[in-house]
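Read the figures in this text as sums done on the coordinates, not as results from a lab. Keep in mind the model is a prediction, meaning the values are calculated, not measured. For neighbour counting, all protein chains shown are included, and Cβ atoms are generated from backbone atoms with ideal geometry for every residue, glycine included.
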Amino acid sequence: MAKITKDTMIGEEFSGKPKRITWERLWTFSGGPFAASGWPKKNLHTDPEFAKSLGLPTVGASATQYLGHLAELMIDLFGEGWLKGGKTSNIKFIKLVPEGDVLTTKAKVISKDEEGSAVKFTLDVWCENKNGEKVMIGNATGVVK
């Protein structure tokens, strides 16, 4: 069931489910095909030494992994309608997400506009790490009929 309704007010905030970035998630998402020899593939998302050779302090989750967390929140907020016309924009990944971190996706309604019998909502969206620091920022729009 969608959480955003035509009565949702500007300024309302929503949170997704916290998700821990585990080694298993990193390897599954960024390790390449499971059947590949030498799996997981060594890259900045799966191998601490490789990441350090690139000047990073440790491995980092692929940003598209937590973009999926954002999609989950938008589907929770707008229901199936998100899949038919919801959009994200201006997405920026601004901080490394290491293994073991916990991310929570959040959204805040910044505008709502009537479009016939529907209402189009624009949201500020972001992911926060376990310290409350933003690691991803952007916008999303969705329509409630």
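Placing +1 at every Lys and Arg Cβ and -1 at every Asp and Glu Cβ, with all other atoms neutral, what dipole size does segment 57-145 have around its Cα centre, in debye to the nearest 20? Can you show the working numbers first?
Values: 11 positive and 11 negative charges, 35 e Å.
Its charge dipole is roughly 160 debye.
Cross-linked pairs LYS106/LYS145; LYS42/LYS106; LYS41/LYS106; LYS84/LYS106; LYS19/LYS41: Cα-Cα separations exceed 29 Å for LYS42/LYS106; LYS41/LYS106. Largest mean-square fluctuation among ILE21, ILE94, ILE75, in a Gaussian network model of the chain whose springs join Cα atoms under 10 Å apart, belongs to ILE94. A simple spin-label model places the labels of LYS42 and LYS3 4.2 nm from each other, with each point 7 Å out along Cα-to-Cβ. Find out how many positive minus negative residues lie around GLY116, taking Lys and Arg as positive, Asp and Glu as negative, among other residues whose Cβ is under 15 Å from that of GLY116. Net charge in that neighbourhood comes out at +1.
Pairs of C-alpha atoms in segment 39-136 farther apart than 21 Å represent 43 percent of all such pairs.
Net charge near GLY32, counting Lys/Arg +1 and Asp/Glu -1 over other residues with Cβ under 14 Å of its Cβ? Before the final figure, lay out each step's value.
Details: positive: LYS41, LYS42; negative: ASP47.
Residues close to GLY32 contribute a combined charge of +1.
By the count of neighbouring beta-carbon atoms within 10 Å, fewest first, THR122, THR46, THR64 end up ordered THR64, THR122, THR46.
Compared with the dominant principal axis of the Cα atoms in the chain, helix 63-78 is inclined by about 20°.
Summing charges over neighbours of LYS3, with a neighbour being any other residue whose Cβ is under 10 Å away from its Cβ, gives -2 when K and R count +1 and D and E count -1.
Report the one residue of ALA36, PRO18, TYR66 whose Cα lies farthest in the direction of the positive end of the charge dipole of the chain (charges on C-beta: Lys and Arg +1, Asp and Glu -1; origin at the Cα centre). Looking along the dipole axis, the top candidate is ALA36.
Every helix of 4 or more DSSP H residues in the chain counts as -39500 (n - 2.57), and over all residues that averages to -7000 deg cm²/dmol at 222 nm.
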